[in-house]
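Right, one structure below, let's go through it.
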Amino acid sequence: MKILKYVLPLLLTFTQCTKKIVKPVEPAIIPIPEYQEIKNGTFILSNATHVSGDSDMSIMLEYFNAYLETNLLIKPNSNKEKNSIDFLIDKEIKNDEEYYLSITKNNIQIKSKTAKGAFYGVQSLLQLLPAKSNAKKISIQCLEIKDKPQFAYRGMHLDVARHMFPVSFIKKYIDLISSLKFNTFHWHLTEDQGWRIEIKKYPKLQEIAAFRDETLIGHYNDQPQKYDGKRYGGYYTQEEIKEIVKYASERFVNIIPEIEMPGHSQAAIAAYPELGCTGEKVEVATKWGVFDEVYCPTETTFKFLEDVIDEVVELFPGKYIHIGGDEAPKIKWKNSKFCQQLIKEKNLKDEHGLQSYFIRRMEKYINSKGKQIIGWDEILEGGLAPNATVMSWRGIEGAVKAVKEHHNVIMTPTSHCYFDYYQSENENEPLAIGGFLPLEKVYSFNPIPNELTKEESKYVLGAQGNIWTEYMKTPEKVEYMAFPRAIALAEVLWSKPEHKNFEDFKNRLMVFQKKLKAKEVNFANHLHEISGNLSENKNNELIYTLTSSSGNSIIRYTLDGTNPNITSEAYTSPFTINNSTNIKAASFNNGEQISAIYSTKVNLHKAVGKKINLNVEPHRSYNAGGKQAMINGVSGSNKRYGDKEWLGFSGEDVNITIDLDTLTTVNTIKMRFHNGNGQWIYAPKKIKIYFSSDCNVKKKLDFIPIKNRDSLLVNVNIKLKDVKASKVFIEIPNYGIIPEGKQGAGFKAWTFIDEIIIE
Ligand code: ACM
């Protein structure tokens, strides 16, 4: 033992100085393989390693050798063969994407049915190598892996219409997703704000539809809306698209192009006004949202779209064309004589029937080209086209309905798959569209809806993460929003549900982050982020709990409003709250702050810790804090509505009862409503408040009109005189139907309610 004590440090020093051999990377593969066994020993990768493969594997060999040379400066295949890496075809393997990876001291074997399976074997192998190295020899942990995916469709989407990104970034994105074993890139190419695919037959798509005059600054809900005054746009040439398709195919990624119809088509109509119902000239949209301008179902439009499809199918070899179908307002069709006549002629029920006619007709054309269509779940309205695959985004209902009609579905519900939502509750997060979708929630996703039987679940092809880029101007911002959430989704789609474990995933993610750093990916890191919660203990005292998402750090906190530092109190257990308090906390490791500062104010007003009842449940997507969040002493974010303090109600009147326990003097009631009209959220026009001192209703006031409803946050401050109450009743009628000309027109508004402060 004694000898070892002296020899070991010397050995370590020697290896570190010469940098000849690098220690093996601890296996931490994402997505976690189906079967994995760590063995004794290591394989030494060097220029003396020989790489070979069956002839069908040539594409893989090129990819693998290029990776080694670029990232590790290793050029195998010299004639000084010491050990070997062999890519072998095994026709006994059933699944094209399955692979077997065996690493022994002298040999690495990757067996698969196809080169695609081998590609996934290589991705696992690369995760066992350092991200970058200039060492001459690299040791790799011996192990054995048998692995295959759970879902056949594993997709990531990117909207290049709201903001456009260079070809080099599209390739980087494809490279990153393929390294996580995604096999599909859904490329959203056309929108109201820009048309991004060159169509040679229609040059005005390039001259007019590809450019907008200016772009909205800040959030859509900011009032007044401001614009940057700068022309913005561009498009991908057919040559660039071919280059990207080839690059993707070398990484076994299929690209699904999306050509939106009949909605989200204002840019195309700006270029060719005859495609709209009025023939009026419109501009390429300069702000976000849903626009009334949609294609008119005339022969001119169908000819245009068929010509577009003719060029699209030549560029994209995959089986699917995505035709959009989402968010197509019907107002132009309602007011069009032509459309009304067509509805009669074709014996359709209404405008939804007309949308169904539109999609079916395009499906027939696309099928005639040997391709299948995918559409967002609105294509169910008015009847589904016979061979369509449905992409379920407004929840899972669309998927369930489509499966019951025996159609394939791809799951991409906003609740778990919209990576344009916020991923942290920290006030300093970069601007996002709204919502709240933290990493853990993505990881918890089960793509199979509970409503489906085992037999029916076969129609669920898989799932997809969506990157809508209204609030992502740069590649760096796309990376921040996509990663690590796409990494969590990769494991959801590839790995067996019984192997999923969020704590273990986070540990592996910390290893994976090194790869992302080496690839210069601007990933978000909320692994050490702090959250807090106010609750009551057994002795009816209010206590505050702080938690860090990761266990390997110390939380330090202050209660006086100052920022915590390395000398601040270390958190060990929940502390009692006796007064209104400012809490600030952060995670520290080795004397370094490794998280953003968590900051919250607890306001101990008279309703905190009391009982509350509601006549309706908040909507499940906006109910993270539960009803108690309305009287927990903590107000929601000033900027957003997606945190656990704001509760959202979809279209319902909300009646609230707060039981104050004992007769209490009530001097003021303060409430706050969100009023983000762009997201269909409206503060109520009026509320009613009344009280009881025991069972009898004592004091009933009239409805109080809510004034100053123009700002994003609407404050209500009701001053009272001589009110003693044991119960407070609050009635909040829903705003009602959203008026014409606004986002969501014709639908009932959402109501978002923050803390109810009783003083
Ligand atoms: C969508 O998010 N409009 C599909």
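What the table below lists for this structure:
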{"item": "Qualifying positions in segment 355-376 - surrounded by 17 or more Cβ atoms within 10 Å (Cβ to Cβ), charged (D, E, K, R) and either within 16 Å of the ligand (Cβ to nearest atom) or touching a residue at least 40 places away in the same chain (Cβ under 8 Å) (or both)", "result": "Glu363, Lys371"}
{"item": "Of residues in segment 395-409 being away from the ligand (no atom under 16 Å from the Cβ) and of a type in the set (A, V, I, L, M, F, W, C), the one most open to solvent (accessible area, probe 1.4 Å)", "result": "Val400"}
{"item": "The one condition in (1) free of Cβ contacts under 8 Å to residues at least 60 places away in the same chain; (2) assigned to a strand (DSSP E or B) that Ile138 fails to fulfil", "result": "(1)"}
{"item": "Residue satisfying all of: in segment 294-327; within 16 Å of the ligand (Cβ to nearest atom) and charged (D, E, K, R); most open to solvent (accessible area, probe 1.4 Å) among these", "result": "Glu327"}
{"item": "Some residue of segment 91-100 being of a type in the set (A, V, I, L, M), surrounded by 21 or more Cβ atoms within 10 Å (Cβ to Cβ) and in contact (Cβ under 8 Å) with a residue 24 or more places away in the chain", "result": "no"}
{"item": "All positions within segment 331-347 that are open to solvent by less than 30 Å² (accessible area, probe 1.4 Å) and either within 16 Å of the ligand (Cβ to nearest atom) or touching a Gly at 6+ places or on another chain (Cβ under 9 Å) (or both)", "result": "Ile343"}
{"item": "Residue count, segment 231-267 (criterion: touching a strand residue (DSSP E or B) at 6+ places or on another chain (Cβ under 8 Å) and of a type in the set (Asp, Glu))", "result": "2"}
{"item": "Per-region count, segment 410-424, residues away from the ligand (no atom under 13 Å from the Cβ) and among the polar types (S, T, N, Q)", "result": "2"}
{"item": "Counted residues, segment 576-605 - those being closer than 16 Å to Asp754 by Cα and either of a type in the set (A, V, I, L, M, F, W, C) or not in a strand (DSSP E or B) (or both)", "result": "4"}
{"item": "Single residue of Pro27, Pro130, Pro31 found to be within 22 Å of Phe512 (Cβ to Cβ) and touching a Phe, Trp or Tyr at 6+ places or on another chain (Cβ under 6 Å)", "result": "Pro31"}
{"item": "Residue match in segment 502-521 (condition: in a strand (DSSP E or B) and open to solvent by less than 30 Å² (accessible area, probe 1.4 Å))", "result": "no"}
{"item": "Lone unmet requirement of (1) farther than 21 Å from Arg154 by Cα; (2) within 14 Å of the ligand (Cβ to nearest atom); (3) crowded, with 22+ Cβ neighbours inside 10 Å for Ser392", "result": "(1)"}
{"item": "Test: residue in segment 450-460 that is surrounded by fewer than 23 Cβ atoms within 10 Å (Cβ to Cβ) and under 28 Å from Ile681 (Cα atoms)", "result": "no"}
{"item": "Test set (1) hydroxyl-bearing (Ser, Thr, Tyr); (2) open to solvent by 10 Å² or more (accessible area, probe 1.4 Å); (3) in a strand (DSSP E or B) - Ser711 fails condition number", "result": "(3)"}
{"item": "Those residues of segment 317-354 which are on the phi > 0 side of the Ramachandran plot and in contact (Cβ under 8 Å) with a residue 60 or more places away in the chain, in sequence order", "result": "Gly324, Gly325, Glu327"}
{"item": "Number of positions in segment 216-260 that are open to solvent by less than 40 Å² (accessible area, probe 1.4 Å) and over 27 Å from the mean Cα position of the chain (by Cα)", "result": "1"}
{"item": "Subset of segment 724-749 [more than 28 Å from Phe691 (Cβ to Cβ) and assigned to a strand (DSSP E or B)]", "result": "Ile737, Lys748"}
{"item": "So Ala683, is it farther than 19 Å from Ala607 by Cβ, in contact (Cβ under 8 Å) with a residue 12 or more places away in the chain and open to solvent by less than 10 Å² (accessible area, probe 1.4 Å)", "result": "yes"}
{"item": "Among (1) under 26 Å from the mean Cα position of the chain (by Cα); (2) away from the ligand (no atom under 11 Å from the Cβ); (3) not in a strand (DSSP E or B), the one test that Gly382 misses", "result": "(1)"}
{"item": "Any pair with Cβ under 8 angstrom, 6 or more apart, that starts in segment 426-439 at a residue that is open to solvent by 40 Å² or more (accessible area, probe 1.4 Å) and ends at one that is not in a loop (DSSP other than H, G, I, E, B)", "result": "Glu427/Ser599; Pro430/Lys477; Pro430/Tyr480; Phe436/Tyr422"}
{"item": "Residue within segment 559-568 that is touching a Leu at 6+ places or on another chain (Cβ under 8 Å) and open to solvent by less than 70 Å² (accessible area, probe 1.4 Å) present", "result": "no"}
{"item": "Flag if Ile689 is within 26 Å of Val634 (Cβ to Cβ) and either over 32 Å from the mean Cα position of the chain (by Cα) or open to solvent by 40 Å² or more (accessible area, probe 1.4 Å) (or both)", "result": "yes"}
{"item": "In segment 447-494, residue nearest to the chain's Cα centre (by Cα) [restricted to those that are of a type in the set (Asp, Glu) and away from the ligand (no atom under 16 Å from the Cβ)]", "result": "Glu479"}
{"item": "Those residues of segment 714-738 which are open to solvent by less than 50 Å² (accessible area, probe 1.4 Å) and farther than 24 Å from Gly609 by Cβ, in sequence order", "result": "Val714, Pro733, Asn734, Tyr735, Gly736, Ile738"}
{"item": "Residue that is within 26 Å of the chain's Cα centre (by Cα), surrounded by 15 or more Cβ atoms within 10 Å (Cβ to Cβ) and not aromatic (Phe, Trp, Tyr), where the choices are Gly263, Gly276", "result": "Gly263"}
{"item": "Hey, Lys75 open to solvent by 70 Å² or more (accessible area, probe 1.4 Å) and in contact with a strand residue (DSSP E or B) (Cβ under 7 Å, 6 or more places away or on another chain) or not", "result": "no"}
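To keep it simple, each residue is scored yes or no on (1) open to solvent by less than 40 Å² (accessible area, probe 1.4 Å); (2) under 27 Å from Asn428 (Cβ atoms).
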| site | (1), (2) |
| --- | --- |
| Trp494 | yes, no |
| Glu498 | no, no |
| Glu529 | yes, yes |
| Lys538 | no, no |
| Ser548 | yes, yes |
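Yes or no, residue by residue, for (1) open to solvent by 10 Å² or more (accessible area, probe 1.4 Å); (2) in contact (Cβ under 8 Å) with a residue 60 or more places away in the chain; (3) within 23 Å of Val290 (Cα to Cα); (4) out of contact with any helix residue (DSSP H, G or I) (no Cβ under 8 Å at 6 or more places or on another chain):
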site	(1), (2), (3), (4)
Phe182	no, yes, no, no
His186	no, yes, yes, yes
Thr190	no, yes, yes, no
Gly194	no, yes, yes, no
Ile197	no, yes, yes, no
Tyr202	yes, yes, no, no
Ile208	yes, yes, yes, no
Asp213	yes, yes, yes, yes
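The values are calculated or read from the model by the stated rules, or taken from the named source; none is laboratory data. Owing to the predicted nature of the structure, the values given are computational and were not obtained by experimental measurement. All Cβ positions, even for glycine, are placed from backbone atoms using ideal geometry, and neighbour counts span all protein chains on display. Ligands, DNA and RNA are excluded from the accessible area calculation, which covers all protein heavy atoms including side chains. Shrake-Rupley method; radii C 1.70, N 1.55, O 1.52, S 1.80 Å.
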